[in-house]
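What follows is a set of notes on a single structure, which appears directly below.
Just so it is clear, none of the values below were taken in a lab; they were calculated from the coordinates. In this text, all values refer to a predicted model and were calculated from it rather than measured experimentally. Every residue, glycine as well, gets a Cβ built from its backbone with ideal geometry; the counts of neighbours run over all protein chains shown.
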Amino acid sequence: MNYHQARQIDPKADRPDAGKWRYTNMNDGRVWPEGYCAQGCPGHDTPEEAEAHQREYELDHARFEGLSEPWGDCEVPGCTSGRTPHFARVGPGIPTHVQLCAEHLNRDGLALAFTEVGQVISS
């Protein structure tokens with residue numbers, strides 16, 4: 001199993017980022033940073049900041065797709081477009097599907113509907 005979430009670096013570690021937070025993946029007891037936290041990130045002061053950093057990564061790397069038939073309503077709050085075949089896949093492991101209308105089928109539209117990262121468990 002893979003456990004994706006913000007984790008704190010041991011505050012007693014003898015390293016400059018001791019006590020900082022990063023968004024990470026843990027599998028079989030091994031932990032490594034992922035997303036933008038794996039790309040030279042100095043760490044974050046809170047788990048919420050690490051999750052926000054991962055959210056930016058997920059928004060930047062979302063896959064926008066569609067089906068031949070509409071199957072759900074746009075998930076952007078206040079959107080009244082009705083049923084749509086379009087969606088975005090976001091997140092590590094088994095991706096989250098976020099239903100989006102044609103107008104919101106872009107990073108900015110996705111950012112309105114995909115507001116939190118949190119913990120993800122995948123196989």
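Here the Gaussian network model covers the chain, with springs between Cα atoms less than 10 Å apart; of Glu69, Glu34, Glu58, Glu69 fluctuates the most.
Rounded to the nearest 10 degrees, the angle from helix 47-60 to the longest Cα principal axis of the chain is 40 degrees. Considering only His44, Gly66, Gly19, the residue lying farthest towards the positive end of the dipole of segment 2-122 is Gly19, judged by Cα position with unit charges set on Cβ. Each other residue within a Cβ distance under 11 Å of Pro95 adds +1 if Lys or Arg and -1 if Asp or Glu, for a net charge of 0.
Which residues does a label at Ala18 reach in segment 31-48, if reach means a backbone N under 19 Å from a point 7 Å past the Cα toward the Cβ? The answer is 42-46, whose backbone nitrogens lie closer than 19 Å to the label point. The distance linking segment 97-117 with segment 37-88 is 6 Å (Cα centroid to Cα centroid, whole angstrom).
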